[in-house]
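Novice: Here it is, the structure in full.
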Amino acid sequence: MSDAERKVAGEYLTPRGDLVLTAPLAFGRLHVLPVVNAFLAQYPDINIKLVLTDRNIHLVDDMIDIALRIGDLPDSSMMATKVGVVSRVTCASPEFLAAQGVPKVPSDVSTMPCITMSILAGGPKWIYVMPGAKREVSVPIRCRLEVNSADAAVQAAIAGVGVVQLLSYQAAEAVAAGKLRVILRKFERTTIPVNLVHAGQSLLPIKTRVFLEYAAPKLRKSLAA
């Protein structure tokens, strides 16, 4: 066997080599990094580069092996493994709600100061779904603060700046700690899929396959919790 053939055999037949992953910032810190840490302890011959960014990196152009994507996936040659769902939630601090009142219907939010995220689509309007009728309503909001990261939005909401709309995993820690309270739950939109995505290949490197098989069930359990 030539050196080139040995290299190919090593990449495709044994769990070793470098693996490049990408995930959104907050999701990666909360859910992906713990899985990566445990994976590295079990597979000493695989090294991982974890790129946490809220920008969608192109898998092929940027040489990414696996990406965690939140949202509907466009039709492409990419292969996806679904690991769960998240939802879009509206939150505010208990102190803010005590002073301003708790919104009962989506239109109540339009009279309150709000925190928005420039990286999320929607602009100065938030979308809700009316129960029963299952129709979407667009609620104009009054933006008091615009930020470009979920962590900043969470901290501003905890400080009482206003109401914020986040993905459920972004608010999870603050909600569990009682620092934020979820409101308008019955008006939430449909859930958003979470997938592990990789380039379609006829022969998947074993390092990629091993990580997918290891990470998918752990991420499903983490998201379900």
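Each value in this text was obtained by applying a stated rule to the coordinates, not by laboratory testing. These figures come from a predicted structure and were not determined experimentally. Glycine also receives a Cβ, built like all others from the backbone with ideal geometry; neighbour counts cover every protein chain displayed.
Novice: What nm distance separates the two modelled labels at VAL129 and GLN100, each placed 7 Å from Cα along Cα→Cβ?
Specialist: Output for this residue pair reads 2.5 nm.
Novice: Next question, about the same structure. In whole Hz and in residue order, list the ³J(HN,Hα) couplings for region 63-73 that follow from phi through the Karplus curve 6.51 cos²θ - 1.76 cosθ + 1.60, θ = phi - 60°; x for Gly and Pro.
Specialist: Couplings: 6, 9, 7, 9, 10, 8, 10, 10, x, 5, 9 Hz.
Novice: Under 5 Å between amide H atoms, partner at least 5 residues away or on a different chain: which partners does LEU19 have, H built in plane at 1.01 Å?
Specialist: Residues meeting the amide H criterion: ASN47, ILE48, LYS49.
Novice: How many lysine pairs in the chain, separated by 8 or more positions in sequence or lying on different chains, have Cα atoms less than 28 Å apart?
Specialist: Eligible lysine pairs with Cα atoms under 28 Å apart amount to 24.
Novice: In Å and from the alpha-carbon atoms only, list the Rg and Dmax of the chain.
Specialist: Every Cα atom of the chain included, Rg and Dmax give 20.6, 75 Å.
Novice: Right, something else. Please report the net charge: other residues with Cβ closer than 14 Å to the Cβ of SER110, K and R +1, D and E -1.
Specialist: +3
Novice: What does the highest-first list of 93-100, 51-58 look like by mean Cβ count within 10 Å?
Specialist: Top to bottom by mean Cβ count within 10 Å: 93-100, 51-58.
Novice: Shape call for region 88-187 from the C-alpha gyration tensor, a ≥ b ≥ c root eigenvalues: rounded (a/c under 1.5), prolate (a/b greater than b/c) or oblate?
Specialist: Here region 88-187 falls in the rounded category.
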